[in-house]
Amino acid sequence: MNSAKLVVGPFNRVEGDLEVHLEVKDGVVSSARVNAPQYRGFERMLEGRDPRDALTITPRICGICSISQSAAAARALGHAMGLRPTPQGEGMAALIHAVENVCDHLTHFYLFFMPDFARPAYHGHDWHDAVLQRFTAMEGSGARAAVEARASLMHILGLMAGKWPHTLAIQPGGVTRTPAAAERMRILASLRSFRRFLERDLFGAPLEMFIALQTQDSLLDWHSGDAGLFLRAAASLDLAQMGLGAGRYLSFGAYPIEARFGFARGMWQDGTRHDIALGAIREDVSHAWMLGTAVHPAHGLTEPDEEMRAPGYSWCKAPRLSGLPVECGALARQVIDGHPLARDLVAKGGGVLARVGARLLEVARTQILMEELAQAIDPTALFMSQGDLPAQAEGVGLVEAARGALGHWLRIDEGQIASYQIIAPTTWNFSPRDAAGVPGPLEAALVGATVMPGEDTPLSVQHIVRSFDPCMVCTVH
Amino acid sequence: MSLLCAENPNVFDTLEDAGIRVLWHPALSVETGTEVRALLDRIMQGEVALDLLCIEGAIARGPRGTGRYQMLTGTGRSMMHWVQTLAPSARHVIAVGSCAAFGGVTTAGDNPSDAVGIQYEGSHIGGLLAPDFRDRADLPVINVAGCPTHPGWVLETLMLLKAGAFHAQDLDGYARPRFFADHLVHHGCPKNEFYEYKASARDLSEMGCMMEHLGCIGTQAVGDCNIRPWNGSGSCTSGGYPCINCTAPEFENPRHAFSQTPKIAGIPVGLPTDMPKAWFMALASLSKAATPERIARNAISDRVEIPPTLRKPRP
């Protein structure tokens, strides 16, 4: 038997810093450990501050999920204040958030994930020349078209959120700026222009045709647009069987509007949808460089172990739901929302093809959702309600970032933040082992990955890691 | 990531057209793992010239001076080590964003990771690099501050450096490029008419000036945010929320809530830049008294309640 240990890092084209330790036996990954190597201590910075400061500080955890952090903070504060956004404020906040999420999906597909398929290792495949032309890192025509489409769509954020990233426009009571009727037209025009890009470049067909796909087989038969290039590569490299999931998924529900969600809240396990036992979340720290015990985030602490003692191997805590790791992200959202394509992808294994395919599906569905939100803007309505901060309260803000379930747990005492705990999507997905030795979702998905002879930074490992679209700066925060 | 919002032309075209080739960017380059480590080796051996070293993010020194809160993965060494090692061989060193420049939000509260800017610790010169550090062209670390920083600020700085058209006198007292730091956020603020009369918003979502009650310090903050738009047309104040002076050192700890103006005996603390206090007080009380009804009403409304009076041309 031939065995080796590999350390993969710096891990490029993920947001933030990541190191993956692999044990390889006979050309197959037998065990993986994931290290989130940066600790900044945002939760600790918030202690003792005015609760409203969370709206300024938490978005700055991350330059790519910034609005998601802002939305979660606004929800947590609103919950603590007993304040709900006005219906129109809630709709506008959802639109602002959806713009960021769909832009993040685009960034992931064009700039982070696809450039690996332009590598010389894939020379000779019938899709390789086209991939080289579209997806070569920083040079491909697709990459350039995508950053332009993304920057144009973000004009909606310039108009309604001041800027991206790091807006303060989303507040517990709604949004700070009231749109005029002509501005609603500008928003709709930006969205129509973005649809043109999606239908011309990404899908090469009307969005509705892609959304109508029901099965993994029909997805693999999709050959038009940049999505088609990916799917041709996926078929020839069997990405469906690479980096399989464990079948447990979590979504806090995306784009809440008057007690409904754009994409449903729930938990997926054993092939069925369940309600989330929010009280059964624990953050295990047995293999993190963190002191303490496994507790619910409402009672959580962030005490780094300066000695970085074993068995800790990451700054990331290990969140578990009812004692088990769960995967979150676009695939989880679409499965829980009940889309037949996502359900079939998960039934067939939930691997690299499923994660990326579901992200493409969600781009198409989110565009339609944004169009509906923009149509529903009522410039005569109230976009923000006002409220008072309590001296003592608790609040929870649960949202869906592009990369999955994001939660903020806040406790206010004597008018100041007494405790602030955050679980980010990649905290779930890239968690280290827990006290029972159960690996996190990525660690489990990497087992079985093929390592080709001579590879020290295996391509299969790169595809699997990036299929999750990790955000490492949010992970530890 | 704000860099990706560059427009006309996009970020990749802008860099290519300016003749700037990216050796490595952690989020955008194809190279990963051993490929990156090999590139770092070649730079260290002098086989590859490092013209522009751009650093994003503050650098952690903790725990206890080891830098192990922030490792450059795969190398077994801290970012602290790598920046100190690479900076002397770079032609120019650019701190991108307020964290890299001064420490920024990463150092908020009691600075849990003992982070620091590249050449500043807050407003004090001397960060990870010594106060007298100069690059091979005799410039200090260039602080393209801002949280976020504007894509135009970054790209124009890089293009000026590439063209050899950036000199010591082009930096302000905190080593920020003067092309944006010579402006105040107040310049071109869409709320200027409200400011002229101190017609103030009481709560976020109202249209009035946010200086008196809502923590806005755009009259003190450097940046051309209201002259060149963000994301097509935006700025913090056009978005209806206060400028928090994010281009400045130590903006992260203002000693009051970001969106609330500190006051002494009901009078806001903090004067517009270069404004004598007595004159400010006199002018403010005079202009308040002179506020037209239109401006007073609109200031506390979420939309224009009273439009400007029409004036017909003389016959």
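The values are calculated or read from the model by the stated rules, or taken from the named source; none is laboratory data. In this text, all values refer to a predicted model and were calculated from it rather than measured experimentally. Cβ coordinates were reconstructed from backbone atoms using ideal geometry, including for glycine residues, and neighbour counts include every protein chain displayed.
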Pairing a residue in the range B:176-205 that is away from chain A (no Cβ under 14 Å) and under 16 Å from B:GLY223 (Cα atoms) with any residue that is in a helix (DSSP H, G or I) and acidic (Asp, Glu), where Cβ atoms lie under 7 Å and the two sit 6 or more apart in sequence or on different chains, gives B:PRO177/B:ASP170; B:ARG178/B:ASP170; B:PHE179/B:GLU156
Quick one: is B:ARG134 out of contact with any strand residue (DSSP E or B) (no Cβ under 9 Å at 6 or more places or on another chain) and basic (Lys, Arg)?
-> yes
Can you confirm whether the range A:305-323 contains a residue that is over 19 Å from B:MET71 (Cβ atoms) and within 14 Å of chain B (Cβ to nearest Cβ)?
-> no
In the range A:37-72, how many are at the interface with chain B (Cβ under 7 Å from one of its Cβ atoms) and β-branched (Val, Ile, Thr)?
-> 3
Listed by first then second residue, the pairs whose first member lies in the range A:37-66 and is over 22 Å from A:GLU15 (Cα atoms) and touching a residue at least 24 places away in the same chain (Cβ under 8 Å), whose partner is acidic (Asp, Glu) and assigned to a helix (DSSP H, G or I), with beta carbons under 9 Å and at least 6 positions apart or on separate chains, are A:LEU46/A:ASP53
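Looking for whichever is among the polar types (S, T, N, Q) and under 30 Å from A:PRO390 (Cα atoms) here; the options are A:THR136, A:THR215, A:THR167. Which one fits?
Only one candidate qualifies: A:THR167.
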Any chance A:VAL399 is under 29 Å from A:ASP221 (Cβ atoms) and either assigned to a strand (DSSP E or B) or in contact (Cβ under 8 Å) with a residue 12 or more places away in the chain (or both) | no
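Only one of A:PRO432, A:PRO439 is buried (at least 24 other Cβ atoms within 10 Å of the Cβ) and in a loop (DSSP other than H, G, I, E, B). Can you tell me which? Spell out the reasoning first.
Numbers: A:PRO439 fails: buried (at least 24 other Cβ atoms within 10 Å of the Cβ).
Of the residues listed, the single one that is buried (at least 24 other Cβ atoms within 10 Å of the Cβ) and in a loop (DSSP other than H, G, I, E, B) is A:PRO432.
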Here the residues within the range A:243-262 that are surrounded by fewer than 23 Cβ atoms within 10 Å (Cβ to Cβ) and of a type in the set (A, V, I, L, M, F, W, C) are A:LEU244, A:ALA246, A:ILE257, A:ALA259, A:PHE261
Out of all the residues in the range B:215-231, which are touching a residue at least 12 places away in the same chain (Cβ under 8 Å) and at the interface with chain A (Cβ under 10 Å from one of its Cβ atoms)?
-> B:GLY215, B:CYS225, B:TRP230, B:ASN231
In the range A:291-303, which residues are under 24 Å from A:GLY397 (Cβ atoms), surrounded by 14 or more Cβ atoms within 10 Å (Cβ to Cβ) and either within 14 Å of chain B (Cβ to nearest Cβ) or modelled with pLDDT under 95 (or both)?
-> A:LEU301, A:THR302
Name, by its number, the condition in (1) surrounded by fewer than 24 Cβ atoms within 10 Å (Cβ to Cβ); (2) of a type in the set (Val, Ile, Thr); (3) under 26 Å from B:ASN226 (Cβ atoms) that does not hold for A:THR178.
-> (1)
Filter the range B:178-210 down to residues that are in a loop (DSSP other than H, G, I, E, B) and either more than 17 Å from A:ARG177 (Cα to Cα) or among the hydroxyl-bearing types (Ser, Thr, Tyr) (or both), then give me how many there are.
-> 10
Is there any pair linking a residue in the range A:188-204 that is under 26 Å from A:LEU220 (Cβ atoms) to one that is acidic (Asp, Glu) and buried (at least 20 other Cβ atoms within 10 Å of the Cβ), with Cβ under 7 Å and at least six apart or on different chains, and which?
-> A:ASP201/A:ASP226; A:LEU202/A:ASP226
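Please find, within the range A:146-195, the residue that is farthest from the other protein chains (Cβ to nearest Cβ) out of those that are charged (D, E, K, R) and within 24 Å of the chain's Cα centre (by Cα).
Per the criteria, the residue is A:ARG195.
Matching residues to (1) modelled with pLDDT under 95; (2) buried (at least 16 other Cβ atoms within 10 Å of the Cβ); (3) of a type outside the set (D, E, K, R); (4) under 30 Å from B:HIS124 (Cα atoms):
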residue	(1), (2), (3), (4)
B:GLN220	no, yes, yes, yes
B:CYS225	no, yes, yes, yes
B:TRP230	no, yes, yes, yes
B:GLY234	no, yes, yes, no
B:CYS243	no, yes, yes, yes
B:ASP274	yes, no, no, yes
B:LEU283	yes, no, yes, no
B:ILE295	no, yes, yes, no
B:PRO307	no, no, yes, no
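For the range B:227-241, which residues satisfy the criterion of being over 13 Å from the mean Cα position of the chain (by Cα) and not hydroxyl-bearing (Ser, Thr, Tyr)? Talk me through it step by step, then tell me what you get.
Step one: list which residues in the range B:227-241 are over 13 Å from the mean Cα position of the chain (by Cα), which gives B:227-229, B:231-234, B:237-241.
B:ILE227, B:ARG228, B:PRO229, B:ASN231, B:GLY232, B:GLY234, B:GLY239, B:GLY240 - these are the residues of the range B:227-241 that are over 13 Å from the mean Cα position of the chain (by Cα) and not hydroxyl-bearing (Ser, Thr, Tyr).
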When B:THR73 is evaluated against the numbered criteria (1) out of contact with any helix residue (DSSP H, G or I) (no Cβ under 9 Å at 6 or more places or on another chain); (2) surrounded by 19 or more Cβ atoms within 10 Å (Cβ to Cβ); (3) touching a residue at least 12 places away in the same chain (Cβ under 8 Å), which criterion, by number, is the only one it fails?
-> (3)
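Modelled with pLDDT under 95 and of a type outside the set (Gly, Ala, Ser), is that true of A:GLU258? Spell out how you get there, then give the answer.
Numbers: modelled with pLDDT under 95: yes; of a type outside the set (Gly, Ala, Ser): yes.
So A:GLU258 passes the test.
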List every residue pair whose Cβ atoms lie under 6 Å apart, where the two residues are 6 or more positions apart in sequence or sit on different chains, the first residue falls within the range A:114-136 and is within 18 Å of A:GLN462 (Cα to Cα) and among the polar types (S, T, N, Q), and the second residue, located anywhere, is modelled with pLDDT of 95 or more and outside any loop (DSSP other than H, G, I, E, B).
-> A:THR136/A:ALA118
Only one residue in B:GLU206, B:GLU196 is buried (at least 24 other Cβ atoms within 10 Å of the Cβ), of a type in the set (D, E, K, R) and within 19 Å of B:THR261 (Cβ to Cβ), so which one is that?
-> B:GLU206
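From B:ARG61, B:ARG68, B:ARG91, grab the single residue that is crowded, with 18+ Cβ neighbours inside 10 Å, in contact with an Asp or Glu (Cβ under 8 Å, 6 or more places away or on another chain) and among the basic types (Lys, Arg). So that I can check it myself, show each step before the final result.
Values: B:ARG68 fails: in contact with an Asp or Glu (Cβ under 8 Å, 6 or more places away or on another chain); B:ARG91 fails: crowded, with 18+ Cβ neighbours inside 10 Å.
After applying the criteria, what remains is B:ARG61.
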Residue, farthest from the other protein chains (Cβ to nearest Cβ), within the range A:349-375, restricted to residues that are under 29 Å from A:PRO85 (Cα atoms) and touching a Gly at 6+ places or on another chain (Cβ under 6 Å) | A:LEU369
